[in-house]
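A short write-up of the structure that comes next.
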Amino acid sequence: TVPRSKGLRDAEHQRASRIPSQFSQEERVAMKESLKGAIQIPTVSFNPGEFNTTALAEFGEYMHKVFPTVFRTSFIQHEVVGEYSHLFTVQGSDPSLQPYMLLAHIDVVPAPDQGWEVPPFSGLERDGFIYGRGTLDNKNSVMAILQALELLLIRNYIPRRSFFIALGHDEEIVAPGSISAGVRGTWGSEDLSPPPGKGCPARLHVDEGSFILDGFIPSLKKPFAMVSVSEKGSLDLMMEVNMTPGHSSAPPKETSIGILAAAVSRLEQTPMPNMFGSGPLKMTLQQLANEFSFPANVIFNNLWLFWPLVSRLMERDDITNALVRTTTAVTMFNAGIKVNVIPPVAQATVNFRIHPAQTVQEVLKLAKDIVVDDRVQFHVLEAFEPLPVSPFDDQALGYQLIRQTIQSVFPEINIVAPGICIAQTDSRHYTNLTTGIYRFNPLYLQPQDFSGIHGINERISVQAFETQVKFLFEFIQNADTEQRPVSHLHEL
Ligand SMILES: CCCCCCCC/C=C\CCCCCCCC(=O)N[C@@H](CCC(N)=O)C(=O)O
Ligand SMILES: [Zn+2]
Ligand SMILES: [Zn+2]
């Protein structure tokens, strides 16, 4: 008999053992209640080393409670890393298949009650939405990943391809990241080659960092899925002015506050150069070109001619502006000790998000050239370069797995395009592990929803969360493909 081709056997195997992503009403109610419970635990991270450790510990116990099958399955190893991060190793039946990693984070940014329609840690459901800090960034992913795995295990699923689930507790802190440090600790130090029996380090990461984008570009009526294949760099710059304090009844021409305020104002009034045309954005727009209505479709199909117009139009909106340049955000200003004392010191912190066409050093020099005042001292608090672009061609197995799952779970979406994450994610800590780092949250995002991320009234629809669980339920099974990276195939 003629042996079946591996591909055919693989497809047949996939179909034969496929578990349909259909959930009972009881399971659907349980999953949304589990998310609500997660939101109610205030796992806030404030500054390096400043976390709500009580809440983080409570969250660890909560996961055991709502996902019992995950924790009692023999081929799943659970490790606590850095006291409050969690690393799950799900051992597949075919150790020859390179594993992948699903990333999410447990911690959330603070959320003062002010402006919220419901208390930010209530997890209340209103009009089909679950409200709360972390519903989009990023407890939805934490809970969806574990929920999908729990539902698969209940249905006697055994993965063929191993995978890791890394749930960090300090993603919102701009710092080395405990879970990635913990992964290094688990798998070995620098080269991240694991000790024997630990399996290969992951070759594909899926993390937060993009969505199915709906309504972000005028004249693009249809939503499209943008998979972030890179992310911007970041520079946290503290500027400081020191002066001799004194009695405010005889003030100098300029105080430290006045000098620094003028410097900060110059930075705000002098945007960094528009870098449109370099980086993933142009690829994103070229893939979208035919989705635009006339005359936009002509413009986006001829960016060689119309790029000056497009780059100017993208500057008008804060979010698309973030795609074409390094952004400058003055986020902190501290000065003054008393109303009748000349302030001895003024400090301001500026958060730059660096466009992939620039480097930390270039931005630092540009900032100094804009400030042009030797009385202003520059202190770099934290900085990292824009990330490399992950492969997204037809041979990039990781990207294609995501695309395949998007098309099966969101059949109405006919464009999946590579893009760049305008924010940062923990995935940057894994660049020495793999080139296959992708950022995608399988849910629709509209501009008004984006304002909830780190803002007020962050919320996710019950339907969107259920679909996110479905996506992961499908993705984990899709990853069981036997396809292996061969010479012309990128590693996972
Ligand atoms: C051409 C199409 C238009 C594209 C519009 C993009 C819309 C925005 C989409 C996604 C943005 C991602 C936001 C979610 C991820 C945020 C992750 C986060 O908050 N990270 C923090 C932590 C930083 C760190 N760990 O160092 C941050 O970025 O500050
Ligand atoms: Zn996040
Ligand atoms: Zn965040």
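The values are calculated or read from the model by the stated rules, or taken from the named source; none is laboratory data. Just so it is clear, the model here is predicted, and its values are computed rather than measured. All Cβ positions, even for glycine, are placed from backbone atoms using ideal geometry, and neighbour counts span all protein chains on display.
Condition (residue is acidic (Asp, Glu), exposed (fewer than 14 other Cβ atoms within 10 Å of the Cβ) and either within 30 Å of Phe333 (Cα to Cα) or within 16 Å of ligand 2 (Cβ to nearest atom) (or both)) applied to the range 259-271: is it met by at least one residue?
Yes, the range 259-271 has at least one match.
Is at least one residue of the range 354-374 among the polar types (S, T, N, Q) and over 21 Å from Ser230 (Cβ atoms)?
Checked against the condition, which is being among the polar types (S, T, N, Q) and over 21 Å from Ser230 (Cβ atoms), the range 354-374 yields no hits at all.
Going through the range 418-449 one residue at a time, which ones are surrounded by fewer than 22 Cβ atoms within 10 Å (Cβ to Cβ) and away from ligand 2 (no atom under 16 Å from the Cβ)?
Thr431, Asn432, Thr435, Tyr444, Gln446, Pro447, Gln448
Can you find even one residue in the range 360-383 that is on the phi > 0 side of the Ramachandran plot, of a type in the set (Val, Ile, Thr) and in contact (Cβ under 8 Å) with a residue 40 or more places away in the chain?
Checked the range 360-383: at least one residue is on the phi > 0 side of the Ramachandran plot, of a type in the set (Val, Ile, Thr) and in contact (Cβ under 8 Å) with a residue 40 or more places away in the chain.
Could you check how many residues of the range 291-308 are part of a helix (DSSP H, G or I) and touching a helix residue (DSSP H, G or I) at 6+ places or on another chain (Cβ under 7 Å)?
Going through the range 291-308 one residue at a time, the tally reaches 5.
In the range 351-362, what count of residues is obtained for those that are crowded, with 22+ Cβ neighbours inside 10 Å and within 16 Å of ligand 1 (Cβ to nearest atom)?
4
Given (1) in contact with a strand residue (DSSP E or B) (Cβ under 7 Å, 6 or more places away or on another chain); (2) assigned to a loop (DSSP other than H, G, I, E, B), identify the lone condition not met by Ala417.
(2) is the only condition that Ala417 fails.
Applying the selection to the range 46-67, what residues are under 14 Å from Glu83 (Cα atoms), out of contact with any Pro (no Cβ under 7 Å at 6 or more places or on another chain) and either buried (at least 20 other Cβ atoms within 10 Å of the Cβ) or modelled with pLDDT of 95 or more (or both)?
Phe51, Thr54, Leu56, Ala57, Glu58, Phe59, Gly60, Glu61, listed by residue number.
Within the range 277-290, is there a residue that is buried (at least 16 other Cβ atoms within 10 Å of the Cβ), β-branched (Val, Ile, Thr), part of a loop (DSSP other than H, G, I, E, B) and touching a Pro at 6+ places or on another chain (Cβ under 8 Å)?
The answer is no, given that none of the residues of the range 277-290 is buried (at least 16 other Cβ atoms within 10 Å of the Cβ), β-branched (Val, Ile, Thr), part of a loop (DSSP other than H, G, I, E, B) and touching a Pro at 6+ places or on another chain (Cβ under 8 Å).
For the range 325-342, give me each residue that is surrounded by fewer than 21 Cβ atoms within 10 Å (Cβ to Cβ) and touching a helix residue (DSSP H, G or I) at 6+ places or on another chain (Cβ under 6 Å).
Val330, Ala335
Listed here are the residues, each with its yes/no results for (1) over 19 Å from the mean Cα position of the chain (by Cα); (2) in a loop (DSSP other than H, G, I, E, B); (3) in contact (Cβ under 8 Å) with a residue 12 or more places away in the chain.
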{"site": "Ile456", "(1), (2), (3)": "no, yes, yes"}
{"site": "Ile460", "(1), (2), (3)": "no, no, yes"}
{"site": "Ala464", "(1), (2), (3)": "no, no, yes"}
{"site": "Lys470", "(1), (2), (3)": "yes, no, yes"}
{"site": "Gln477", "(1), (2), (3)": "yes, no, yes"}
{"site": "Glu482", "(1), (2), (3)": "yes, yes, yes"}
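I'd like to check something: does the range 152-165 contain any residue that is farther than 22 Å from Glu50 by Cα and within 16 Å of ligand 1 (Cβ to nearest atom)?
Among the residues of the range 152-165, not one is farther than 22 Å from Glu50 by Cα and within 16 Å of ligand 1 (Cβ to nearest atom), which makes the answer no.
For the range 50-83, give me each residue that is assigned to a loop (DSSP other than H, G, I, E, B) and touching a residue at least 24 places away in the same chain (Cβ under 8 Å).
Within the range 50-83, Phe67, Thr73, Phe75, Gly82, Glu83 qualify.
If you take the residues of the range 435-454 that are part of a helix (DSSP H, G or I) and touching a residue at least 12 places away in the same chain (Cβ under 8 Å), which of them is nearest to ligand 3 (Cβ to nearest atom)?
Filtering first and then ranking leaves Phe450.
Just give me the residues in the range 352-386 being at pLDDT below 95 and closer than 30 Å to Phe471 by Cβ, in sequence order.
Pro356, Phe384
Of all residues in the range 99-154, count the ones that are more than 16 Å from ligand 3 (Cβ to nearest atom), charged (D, E, K, R) and part of a loop (DSSP other than H, G, I, E, B).
The qualifying residues number 3.
Can you tell me which residue in the range 450-484 is farthest from ligand 1 (Cβ to nearest atom), limited to those that are basic (Lys, Arg) and buried (at least 20 other Cβ atoms within 10 Å of the Cβ)?
The extreme case among them is Lys470.
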